[in-house]
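S.K.: Dropping the structure in here first, questions after.
Values in this text are rule-based calculations from the coordinates and carry no lab data. Quick caveat: nothing in here was measured; it's all calculated off a predicted structure. Positions of Cβ are generated from backbone atoms using ideal geometry, with glycine treated the same way; all protein chains shown enter the neighbour counts.
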C-alpha cells in the first residue's frame, strides 16, 4: 500500500476537509467509525449516524475531542423516511452537506436453504435503498452549490460474489451500478461520486462471515480499517469513480472477464 498508510501520524490531507460538513452513516463501528474519526481528525465537522445508541455516545465523545463541531444522531436506516428526514434537518441546520459517506450495511447471514424474500428486502433496504435515498437527498443542494462528494461503500463481493445466498453481494452490486450511472450526470454539476471496494477487514461483519464458514481471504485481499479509511480520504474528490483497496481484486475482475470458466472453477472452492 502507499506510504501514507504506513505512517503512524494521522494525515490532514492538505487541509481539504477542514471546516467541511460531513455525514457518515453506519458510523458506530467498523470502517464507518474509522472514517468518521479520521475526518474529524482532519478538521471536518462530522455528523455520525447509526442505530446503536451506546456505541454512538462513545464515538461522539471521541469525535468532540478531535472536532468540537462534530455530533451524532441515532437513526435506523431501514426507515428511509426517518433517514431522509434526518438529512433534511442536518442540511437545514448547517445549510449544506459537503460530503456524504453511505457506509451502513447489514449481512443477513442466512443460508440459501433458509433465506426468504423478506430477508432480501431487508438487506436491500439498508445496503442499497438507504444509500440511494441519501444520495438523492443531498444532490440537489450539491448541484446548486456546484460542489460536493458522495461516497458509497460497496464490497468486493458485489463484483466478485462468493458462493452463498446472494443477498449481500447483490445489494452491493446494485449500489456500484447506481453510483456509476449517477456519476456521469453529477460530474457536470461539480459533484464527485465514488464507490469503494474495501477488501476484507476484521470488522464485526467480516469476522461474523468467517464464523459462518467463509474462508479467510488471502493476505492480498485483507486490509485494516485504518488502511482503507486513509486510502478513501486520500482519493475522495479525485477523477476516479472506483476506490479499490486491493489490486489483487482488480486483477481478479479482469481474470473473471477473460477466463470465465476457469474463474468459476476456482471460485467454487474459494
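S.K.: What is the Cα centroid distance between the range 76-114 and the range 176-248, reported in whole angstrom?
M.R.: 17 Å
S.K.: Please find the FRET efficiency linking residue 262 to residue 219, where r is the Cβ-Cβ separation and R0 is fixed at 25 Å, and quote it to the nearest 0.05.
M.R.: Efficiency, rounded to the nearest 0.05: 0.65.
S.K.: Which residues does a label at residue 177 reach in the range 134-163, if reach means a backbone N under 17 Å from a point 7 Å past the Cα toward the Cβ?
M.R.: Residues 154-162 qualify, since their backbone N sits under 17 Å from the label point.
S.K.: For the Cα atoms of the chain, what angle does the longest principal axis make with the long axis of helix 247-258, in degrees from 0 to 90, nearest 10?
M.R.: So the helix axis and the longest Cα principal axis differ by about 50 degrees.
S.K.: Taking 0.36 nm per intervening residue step and subtracting the Cα-Cα distance, what contour gain separates residue 208 from residue 188 on full extension?
M.R.: 3.1 nm
S.K.: Calculate the tail of P(r) for the chain: the fraction of all Cα-Cα distances greater than 24 Å, expressed in %.
M.R.: The proportion of pairs with Cα distances above 24 Å equals 47 percent.
S.K.: In Å, what Rg and Dmax follow from the Cα atoms of the range 203-265?
M.R.: 14.4, 38
S.K.: Would you mind ranking 116, 179 by Cβ crowding within 10 Å, fewest neighbours first?
M.R.: Fewest-to-most ranking of 116, 179: 116, 179.
S.K.: Any idea what diffusion coefficient the range 8-147 gets from Stokes-Einstein, in µm²/s, Kirkwood Rh on alpha carbon pairs, 20 °C, 1.002 mPa s?
M.R.: 137 µm²/s
S.K.: Taking neighbour Cβ counts within 10 Å as the exposure measure, how do 55, 175 sort from fewest upward?
M.R.: The fewest-first ordering by Cβ neighbours comes to 55, 175.
S.K.: Something else now. Among 20, 141, 172, which comes first, then next, by fewest other beta-carbon atoms within 10 Å?
M.R.: 141, 20, 172
S.K.: Using the basic label-point model (7 angstrom from Cα toward the beta carbon), what is the residue 52 to residue 18 distance in nanometres?
M.R.: In this crude label model, residue 52 to residue 18 measures out at 3.4 nm.
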